[in-house]
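Input: a single structure, listed below in structure tokens.
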Amino acid sequence: MPVSYLLKLALVQATDEAGLTGREVACLGRRLSAVFTSDNTSPETSSLFLARGSQLGGLGRQLAREAAMRFLLAQLLVRYAEEAFELRRHGQRPAVFASPLPPVRQDELNECVSDSFYRELMMSPCLSGWRRGEEKMRYMHLCHEVLSRSQLNALRKLREAGIVNNNLVLLPTTSSLSLANNGTHLTLGSRRLTAALADPHSGFGPAGEKRVGDLVTKFVEHFLPLFPGVYSAAPRRLSFHDFHPERALGFLPHELDFSHLRMLWRRWRKKAHLRRFGWRWTPWGPPWMDDLFSRVFGLRGDVVPDARLIGYLACVMSTDQHPALDGELGNADRLKADLERMGVFDRRLSLYLFHRQREYARMGFSGFEGRWYSLFASLEGDLAPAAELQSLLTALAHQEIIRGELTPEMIPDDPLVESERRQIVFAAAIGVPTVFIRQQTPDWLLRRLAERCDGVRASRRYPGCWRVPLRAWQLALVRYLRERGGDLINWLELSDVVSDLESRLRQPAENSAEGRLLRGISDLAGGRDPLSIPSGEFNRAAERYYRETLRRDRCREGFRAVRELWNSLPAVGREAIARQMTGDLKALGSPEVSGLLDLLEKGWETDDLPPRHVAAAVRLLVCLAGQFLLSEAP
């Protein structure tokens, strides 16, 4: 059965054990079991409760605490299921951990099978947590089928872009692994916008929501280069034989204009270790031949900071006839129909975008979803400031619109303009050092940001373009935030977040998420430089790091978060939990909940936590989450 269903069953049983829990705790367990779902080929969880505050500046820390507590709950449920369902006795040891990329062995299997057989083997039945499970299963199979065929469709675009100049290509497998990890989605909702849309007399309806929302999305997309590798990452080691463009570039042909795709591929080849005898080599034959050539001539390949964004269809490019963000109702449906005719997409799927508006008519609230996050090296250290920065960008976009200093005409709805700003996001994900921007770009915001950049010069290779260092561009984005959003930064108390962002950019090896993940993986692989480690060995070491080291660190964060959430409760909330936990406190001989927390944390660290202690820990976390659920508005 799917692991997500195992977690659900364990939660329901642990909160409904006879003699230890009351009806209230059992009902809470059933309610919270809905956060454990199965979407693709791995479990998926949603928030136990909403993070909220009187000011947005407090949301990041609350969100990180909730995520850490949810991760710890998943670990406790796995440990509970091993004993309660006799899994360990039968030699089964399920593990739940955060990983931004599919396992190496799954990738190798994917190379051997067709897309239909892969779906039969690996795609989850999606019956866990969905009211219409069969419908959800068909939808996910449709996603996999469409994306698998889109990989083949990308070959034509690579040929048109001049990247593939002959018929000697290594055809990608007809099965796509891109759905194996969707990353982390972070949604911010607005109570004021929701209230205005709910009020028929406010004058703010669906058309206004769409018009403002699309402009906010275009504004925020300019600042997305601040995130890949900085707050979240998915490090992957590519060997020489991985640099077949039809494989390395993933879905980029569907996301960028051919001119930016060609520029990015050239800069990527220049950045990677592919140069010998004055030439930059790329593979041309079967892997065994390419591996022999790379060993003889020392062609080591590359390390990509956020490979998930390259191998996943993070956004689709607009067409000349149907822009995705022109502020008109129904534009997404028109674009999907156009892309379907091109063989790129299917109109039955949701439109893939970095920053997606959550519309009141569909979701019951108004807000925005950030879909560009991969793996956080630390929840409190990376997720919290990333959420704060996302909230600052969203607030700043609305402020600029309200002041009349940001209008739709300033960011035209043209596929080339759209590709021009998104290429910088992918450049940050790949780690290339420079990007190119037209000197006369019609994108007003791009021109304004280029004016704040240091080290910009006219490109000799691409006449009419500026050659912009990526790091200088990121620092220019920080300067823009300070200049245009200074009042918001002060009001939201985010000066420390912006200062931390600048330190991550200036000292990436020490402070960025990519730098810390690479350091942990390299230490596990023997402390060597990542480029000196063979690609297979590095990627398997990364899996071990996520499964073992990072999972233990996340559990420690979870216990800290539980203790902080407990301490933040008012006296009435603590008394309610103590009353609900009476049976466990008596059974374990602990006079109060704080003592029980000490007992549980100590037992977890020494890996000496008896089954009844694990069940008590599950019930404690459920009761704690229940107190925050009570504070949520309808």
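Quick note: the coordinates plus some simple rules give every number you see, no bench work behind them. Note that this is a predicted model, so its numbers are computed, not measured. With ideal geometry, Cβ positions are generated from the backbone for all residues, glycine too; neighbour counts draw on all protein chains shown.
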Once the chain is represented by equal point scatterers at the alpha-carbon sites, with solvent omitted, what log10 I(q)/I(0) does the Debye formula produce at q = 0.07, 0.09, 0.11 Å⁻¹? -0.46, -0.77, -1.17
With 23 Å as the limit, write out which pairs from LYS210/LYS336; LYS271/LYS336; LYS8/LYS136 have Cα-Cα distances beyond it, or answer none. LYS271/LYS336
Lys, Arg +1 and Asp, Glu -1 on Cβ, resulting dipole of the chain about Cα centre, debye, nearest 20: 1200 debye
Computed ³J(HN,Hα) along the stretch 216-222: with the Karplus parameters 6.51/-1.76/1.60, θ = phi - 60°, integer Hz and x for glycine or proline, the list is 4, 4, 5, 5, 5, 4, 5
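Once every DSSP H run of n ≥ 4 in the chain is given -39500 (n - 2.57) and the sum is divided by its residues, what mean residue ellipticity at 222 nm do you get, rounded to the nearest 500 deg cm²/dmol?
Counting only the DSSP helices, I get -16500 deg cm²/dmol.
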With Cα coordinates, the longest principal axis of the chain makes an angle with the long axis of helix 470-484, in degrees rounded to 10, of 60 degrees
Of all C-alpha pairs within the stretch 480-554, those more than 21 angstrom apart amount in percent to 46 percent
So, relative contact order of the stretch 487-627 in percent, Cα under 8 Å, 6 or more apart, is 14 percent
The stretch 280-330 and the stretch 561-634: distance between their alpha carbon centers, rounded to Å: 47 Å
Spatial separation of Cα centroids for the stretch 29-102 and the stretch 419-472, in angstrom: 40 Å
Can you give the charge dipole size of the stretch 206-291 about its Cα centre, rounded to the nearest 20 debye, using +1 on the beta carbon of Lys and Arg and -1 on the beta carbon of Asp and Glu? 480 debye
Give me the compactness ratio for the stretch 201-350, meaning the Cα radius of gyration over 2.2 N^0.38 Å. 1.35
Calculate the dipole size of the stretch 446-494 relative to its Cα centre from +1 charges on Lys and Arg beta carbons and -1 charges on Asp and Glu beta carbons; express the result in debye to the nearest 20. 460 debye
Give the Debye-formula value of log10 I(q)/I(0) at each listed q (0.10 Å⁻¹), with one equal scatterer per alpha carbon of the stretch 359-465, two decimals each. -0.42
Quick query: amide H of THR184 versus all other amide H atoms, modeled in the peptide plane; which residues come in under 5 Å with a sequence gap of 5 or more or a different chain? TYR373, SER374
The chain: antiparallel bridges as % of DSSP beta bridges, rounded to 5, reads 95 percent
Along the stretch 291-300, Karplus-curve 3J(HN,Hα) (6.51, -1.76, 1.60; θ = phi - 60°) to the nearest Hz, with x for Gly and Pro, reads 5, 5, 4, 5, 5, 5, 9, x, 8, 8
When every alpha-carbon pair in the stretch 341-405 is counted, what percent end up more than 18 Å apart? 57 percent
Take the alpha-carbon positions of the stretch 294-423, form their convex hull, and give its projected area averaged over all directions (one quarter of the hull surface) in nm². 12.2 nm²
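At 10 °C and 1.306 mPa s, grab the translational diffusion coefficient of the stretch 1-154 from Stokes-Einstein with a Kirkwood Rh over Cα pairs, rounded to a whole number in µm² per second. Display every interim value, and only then the final one.
On the way: Rh = 17.8 Å.
Once the numbers are plugged in, D ends up at 89 µm²/s.
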Take each of the peptides 373-380, 397-404, 42-49, average the number of other beta-carbon atoms within 10 Å over its residues, and list them starting from the highest. 373-380, 42-49, 397-404
Tell me which of SER391, PHE85, HIS222 sits at the most positive position along the dipole axis of the chain, charges placed on C-beta atoms (Lys, Arg +1; Asp, Glu -1). HIS222
Karplus-derived 3J(HN,Hα), 6.51/-1.76/1.60, for each residue of the stretch 461-468, Hz, glycine and proline x: 7, 10, x, x, 10, 8, 9, 10
Counting only residues 5 or more apart in sequence or on a different chain, those whose built amide H sits under 5 Å from that of CYS465 are GLN439, SER459
Amide H to amide H, which residues 5 or more places from ARG358 or on other chains are under 5 Å from it, using H placed in the peptide plane? GLY367, PHE368, GLU369
